[in-house]
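Asker: Structure in structure tokens, see below.
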Amino acid sequence: ALLVWELAPILLLAFGGILIAIFLRTLSGWLSKFTRLPDTASLIIVLLVLMAFTAALVYFSGDSIAGQMSELGRQIPRSIQNVRDYLNGYEWGKWLIDKIPSSTDDLPISGKEVTSYASGALSSLTGILAAGVVVFFVALFLAFAPRPYLHGVIRLFPVRKRERIGNVLSEVHKTLQM
């Protein structure tokens, strides 16, 4: 149990890769069925279409997202002022406002701490991007050649259980494709 707990982040990345691989194989299977293209060619076409769709989505919604972020930057100070005005209507609210720093100059943190927080945020962002890359490549490997990995997983179990495990994994695959 401790081993599973310690390996949980890796197992989650693998599970994410498996789900994406099943999604890709399902789409390429449908394409292969209707066009009679080989599985690999269908998978490559599906990947290209999904990448083009993602690029178009980013391209066409980028300005909108930037505008919304800009609007959010304008709305937050107004919202904070509205909360302050509301709290000033109550005695406990005035007490609370007196306890909250009114500007970043009043915050009890140093420049070194801000740098540490920024470094931590950058590190987290890098970790998220790295996890995304790992999931993507796990999905690619599993989508292009699922059989060796499936047989490898089945071999992790005792010989007498392997047939049952194979049946369970097959049913899980069918269920996830629906």
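Asker: Can you report the number of residues in segment 14-38 which are basic (K, R) and within 22 Å of the chain's Cα centre (by Cα)?
Answerer: 1
Asker: A further question on this structure: Return the residues of segment 1-28 that are open to solvent by less than 70 Å² (accessible area, probe 1.4 Å) and over 11 Å from A143 (Cα atoms); say none if nothing qualifies.
Answerer: Listed by number, the residues that qualify are L7, A8, L13, A14, G16.
Asker: Would you call Q75 open to solvent by less than 90 Å² (accessible area, probe 1.4 Å), among the polar types (S, T, N, Q), assigned to a helix (DSSP H, G or I) and at pLDDT 80 or above?
Answerer: For Q75, the condition - open to solvent by less than 90 Å² (accessible area, probe 1.4 Å), among the polar types (S, T, N, Q), assigned to a helix (DSSP H, G or I) and at pLDDT 80 or above - is met.
Asker: Any chance segment 47-62 includes a residue that's in a helix (DSSP H, G or I) and modelled with pLDDT under 85?
Answerer: The answer is yes, given that some residue of segment 47-62 is in a helix (DSSP H, G or I) and modelled with pLDDT under 85.
Asker: Taking into account only those residues within segment 167-178 that are modelled with pLDDT under 90 and not β-branched (V, I, T), which is most open to solvent (accessible area, probe 1.4 Å)?
Answerer: Filtering first and then ranking leaves M178.
Asker: Among the residues of segment 39-62, is any open to solvent by 70 Å² or more (accessible area, probe 1.4 Å) and more than 25 Å from the chain's Cα centre (by Cα)?
Answerer: The answer is yes, given that some residue of segment 39-62 is open to solvent by 70 Å² or more (accessible area, probe 1.4 Å) and more than 25 Å from the chain's Cα centre (by Cα).
Asker: Which pairs have Cβ atoms under 9 Å, sit 6 or more apart or on different chains, and link a residue in segment 30-47 that is closer than 20 Å to K174 by Cβ to one that is part of a helix (DSSP H, G or I) and acidic (D, E)?
Answerer: Within 9 Å, the pairs are S32/D39.
The values are calculated or read from the model by the stated rules, or taken from the named source; none is laboratory data. The shown structure was predicted, so the numbers you read here are calculated from the model rather than taken from an experiment. Please note: Cβ atoms are built from the backbone with ideal geometry, for glycine as well, and neighbour counts cover all protein chains shown. Please note that ligands, DNA and RNA were not included when accessible areas were found on the heavy atoms of the full protein model with its side chains. Shrake-Rupley method; radii C 1.70, N 1.55, O 1.52, S 1.80 Å.
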